[in-house]
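Data first, discussion second: the structure below is written as structure tokens.
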Amino acid sequence: MKEISSLCVFCGSKVGEKPAFRDAAAELGRLMAERGITLVYGGGRIGLMGVVAEAVLRGGGNVIGVIPEFLRRLEVGNEQAHELIITDSMHARKQKMFELSDAFVSLPGGLGTFDETIEILTWKQLRLHDKPIVMIGTDGYWDTFRQLVTQSIANGFAHAAVRELFTVVDEPSAVFDAIAAAPEPRDITLTSHL
């Protein structure tokens, strides 16, 4: 995998109940700024989104937020971002975040984070991209997701190679090695369904 210059981070618009979630978001942002990697994210100033963006900005890094107009009107847009791209829909937001990013990281989050993570995984399964996808499993957060993937494989709804579409790491410090080591997606993830 070549060096990346931008990283899309999917994460919660809340900080969650455990301080470890906030700590992981802040550490990821710090590491991104240290490496000169641009943050592409959902454009919010609240929750883990705000934490990661603040850490990148504090470290002197570049931040690009992508937010739909209706969410910006709710006053959750981060005006401190170097660039705040306004879209007309959630779909357009995800497409723009995809276009601007070399890789993806999912921190803990809720339904929106699940939606973004699963959609980008599905696009990779469909061979629409080959960008690395990493999940930070702070306090085992993504364990249940991995179990769900295993269940889909066991029940004949997915090929075992779908496990290679993403990597789960325990700490933000492992993200960049996981990105570098991400395998190319195999055709079988798609052709096994045809």
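The values are calculated or read from the model by the stated rules, or taken from the named source; none is laboratory data. Everything numeric here is computed off the predicted structure, so don't read it as measured data. Note that we place each Cβ from the backbone using ideal geometry, even for glycine, and neighbour counts take in every protein chain shown. We work out accessible area using only protein heavy atoms, side chains counted, and drop any ligands, DNA or RNA first. Shrake-Rupley method; radii C 1.70, N 1.55, O 1.52, S 1.80 Å.
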Note to self: C-alpha centroids of the stretch 132-150 and the stretch 111-128 sit apart, in Å, by 13 Å
Checked against the positive end of the charge dipole of the stretch 1-122 (+1 on Cβ of Lys and Arg, -1 on Cβ of Asp and Glu, about the Cα centre), the farthest of VAL76, GLN95, PRO19 is PRO19
Length gained, ILE118-GLN95, 0.36 nm per residue minus C-alpha separation, equals 6.9 nm
The percentage of the accessible area of the chain (probe 1.4 Å, all protein chains present) made up of carbon and sulfur atoms, to the nearest whole number, is 52 percent
Counting only protein heavy atoms and rolling a 1.4 Å probe, one gets per residue an accessible area for the stretch 48-134 in Å² of 45 Å²
Expected max-MSF residue from ALA103, ALA154, ALA26 in the GNM of the chain (alpha carbon, under 10 Å) is ALA154
Here D for the chain, in µm²/s, from Stokes-Einstein with a Kirkwood Rh over Cα pairs at 20 °C and 1.002 mPa s, works out to 128 µm²/s
Taking the alpha-carbon centre of each part, the distance from the stretch 152-194 to the stretch 6-27 in Å is 22 Å
Quotient of Cα radius of gyration and Kirkwood radius for the stretch 115-194, i.e. Rg/Rh, equals 0.96
Computed for the stretch 22-117: size of charge dipole around the Cα centre, +1 on C-beta of each Lys and Arg, -1 on C-beta of each Asp and Glu, debye to nearest 20, value 100 debye
Under the Karplus relation with 6.51, -1.76 and 1.60 and θ = phi - 60°, whole-Hz ³J(HN,Hα) for the stretch 33-45, x at Gly and Pro, equal 4, 4, 8, x, 9, 5, 7, 10, 7, x, x, x, 10
Tilt, helix 47-58 to longest principal axis of the chain (alpha-carbon atoms), in degrees rounded to tens, equals 60 degrees
Within the set GLY112, GLY44, GLY156, GNM on the chain using Cα springs under 10 Å gives the largest fluctuation to GLY156
Low-density loop GluC sites (Glu not before Pro), the stretch 38-77, at most 14 other Cβ within 10 Å, DSSP non-H/G/I/E/B, are GLU75
By the mean-Cβ-within-10 Å protection proxy, highest first, 185-194, 91-100 rank as 91-100, 185-194
Taking Cα atoms, the helix 143-154 axis meets the longest principal axis of the chain at an angle in degrees (rounded to 10) of 30 degrees
With a ≥ b ≥ c from the Cα gyration tensor eigenvalues, square-rooted, and the rule rounded for a/c under 1.5, otherwise prolate when a/b > b/c and oblate otherwise, the stretch 56-102 is oblate
